[in-house]
Amino acid sequence: MQIFRPGADSVIRVALCAAAIVPFIAAGLAYAISSSPYMTQQNITRNQPVPFSHEHHVGGLGLDCRYCHTSVEKARFAGLPPTETCMTCHSQIWTNAEMLAPVRTSLAENRPIRWNRVHNLPAYVYFDHSVHIAKGVGCSTCHGAVEQMKLTRQVAPLTMGWCLDCHRDPRPALRPREAVFDQSWQFPPNQEDEGNRLLQAYNIHPEHLTDCSVCHR
Amino acid sequence: MKVIAVTIIALLLGGCADQSMRQQKRYGTFGAADLWPDGSSARPIPRGTVAQTDAAWQAASTPPPAVTAALLQRGRERYNIYCSPCHGLDGKADGMIVERGFPKPPSYHTDRLRAAPARYFFDVITKGYGVMYPYAARVTPEDRWAIVAYVRALQMSQQARLADVPEAREKLP
């Protein structure tokens, strides 16, 4: 009488090995998927009521970020321009453009334009623009070459790991305050010394910047 | 085997689906809210409301602050952000937006605007002028005075004579 078939031994071995390995592979896979650009929604452009182009307005016309994102230096929220801001110019130029019809109706009906969010951190994360601006982290460090974007997209992954990479050691990302809004600014070759100097000057203490309560409050 | 692996992955991924922490039931800053006719969670201030800080704002807008180097620096920065697109970096009204077809504002370097009192510039920023929209929402009263001081500096810069700055004499060839 034969209860087990000849291959039974190997099947069991493979099954046991798999039972040990599969959870790790699965966890690794899940992590890889969750931090992939697909899941973090990097480089996706969204449909907007008006196809607003930073390439045109920032790259072409040379407007400063603060002309529209007025609260970025003072508040957590960078601020999106109210309809009146668009109309400071578009009440006189491109007044008949089909593309801008939603802006005109928005002003006429006093209903704000509904921009679809491009960046969206989970609600349990606290992020504040003003502190980063005051401590010399430039827009382009986190948002990339906005001045070349026809439609805005998210460049950084915005995962916790990404925040922490910088919070552990912000030195390579620090620049002089007056260069924060300069999208064409390049880091100097001696950034290592500069970073050390600015860390001192801005009085930054990275040892507390990775406390959970900094971002989860 | 594959079935087991797929099941485990499916179970693990199932853990990611709970969005109740990610998207909490509260409004974000200027979030959409269909509850209100204008669709915004940010409510307009009721008519006649007086903010606690209004007195401080009033105080900041009368009398003008003393002109210091720091004020001029601030003024230059704010002017370059909010005014230079039309009035140009030097106040000659050759900004980028004017080049693209916006009505040309008057140059600051005219006798009329050189003679205008500082308060006049402050009021134009606050209330707008003709086709120029008001900037009260974007430029605080302190910054308005800083801009006015810088506009004055621009006006002087186009009219400066060597006699006004005797120290410069030695530095020139």
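The values are calculated or read from the model by the stated rules, or taken from the named source; none is laboratory data. Note that the structure is a prediction, hence the values are computed from the model and not measured. Here the Cβ positions follow ideal geometry from the backbone for every residue, glycine too, while neighbour counts run over all protein chains shown. Heads up: the accessible areas ignore ligands, DNA and RNA and are worked out on the full protein's heavy atoms, side chains in. Shrake-Rupley method; radii C 1.70, N 1.55, O 1.52, S 1.80 Å.
See the values below:
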| item | result |
| --- | --- |
| Modelled FRET efficiency - R0 45 Å, residue A:179 with residue B:10, Cβ distances, 0.05 increments | 0.40 |
| Cα-only radius of gyration and Dmax that characterise the stretch B:69-162, units Å | 12.5, 40 |
| Rh (Kirkwood; distinct C-alpha pairs) - the protein assembly as shown, Å | 25.5 |
| Highest average packing first - B:93-102, A:60-69, B:20-29, A:40-49, Cβ atoms within 10 Å | A:60-69, B:93-102, A:40-49, B:20-29 |
| Accessible area per residue in Å² at 1.4 Å probe, computed on chain A | 62 |
| 3J(HN,Hα) from dihedral phi, the stretch B:140-149, Karplus parametrisation 6.51/-1.76/1.60, rounded to Hz, x for glycine, proline | 5, x, 4, 5, 4, 5, 4, 5, 4, 4 |
| Percentage relative contact order, the stretch B:69-162, counting C-alpha pairs under 8 Å, at least six apart | 35 |
| Per-residue mean of C-beta atoms belonging to partner chains within 10 Å, peptide B:19-30 | 3 |
| Dmax and Rg, reported as Rg then Dmax, of the stretch A:1-88 (C-alpha, Å) | 28.2, 93 |
| Length-normalised contact order for chain B - Cα pairs under 8 Å, 6+ apart - percent | 19 |
| Radius of gyration, Dmax [chain B; alpha carbons; angstrom] | 26.6, 92 |
| Charge dipole (debye, nearest 20) of the protein assembly as shown; +1 at Cβ of Lys and Arg, -1 at Cβ of Asp and Glu | 660 |
| Residue A:203-residue B:69 FRET efficiency (beta carbon distance; Förster radius 25 Å; 0.05 resolution) | 0.55 |
| Amide proton proximity set for residue B:83, modelled H, under 5 Å, gap of 5+ | none |
| For residue B:30, distant residues with modelled amide H under 5 Å away | B:42 |
| Per-residue HN-Hα couplings for the stretch B:33-43 [Karplus 6.51, -1.76, 1.60; θ = phi - 60°; Hz; x = Gly/Pro] | 9, 6, 4, 9, x, 8, x, 10, 6, 7, 8 |
| Between the stretch B:78-97 and the stretch A:1-70, the Cα center-to-center distance that results, in Å | 46 |
| Protein accessible area in chain A, 1.4 Å probe - carbon and sulfur % | 59 |
| Whole-angstrom gap from the stretch A:140-155 to the stretch A:109-125, using each part's C-alpha centre | 17 |
| Unit charges on C-beta of K, R, D, E only; dipole of chain B, Debye | 140 |
| The stretch A:26-35 - phi-based ³J(HN,Hα) in whole Hz, Karplus 6.51/-1.76/1.60, Gly and Pro as x | 4, 5, x, 4, 4, 5, 4, 5, 5, 9 |
| Relative contact order (%) - chain A, alpha-carbon pairs under 8 angstrom, separation at least six | 24 |
| Rounded FRET efficiency, nearest 0.05, which uses the C-beta distance separating residue A:186 from residue A:3 and R0 of 51 Å | 0.10 |
| Where labels lie 7 Å past Cα in the beta-carbon direction, separation of residue A:99 and residue B:25 in nm | 4.1 |
| 222 nm mean residue ellipticity, helices alone, for the protein assembly as shown (DSSP H n ≥ 4; -39,500 (n - 2.57); rounded to 500) | -12000 deg cm²/dmol |
| Computed label-point distance, nm, for sites residue A:118 and residue A:55 using a 7 Å Cα→Cβ extension | 1.2 |
| Surface share of carbon and sulfur [accessible, 1.4 angstrom probe, percent] for chain B | 62 |
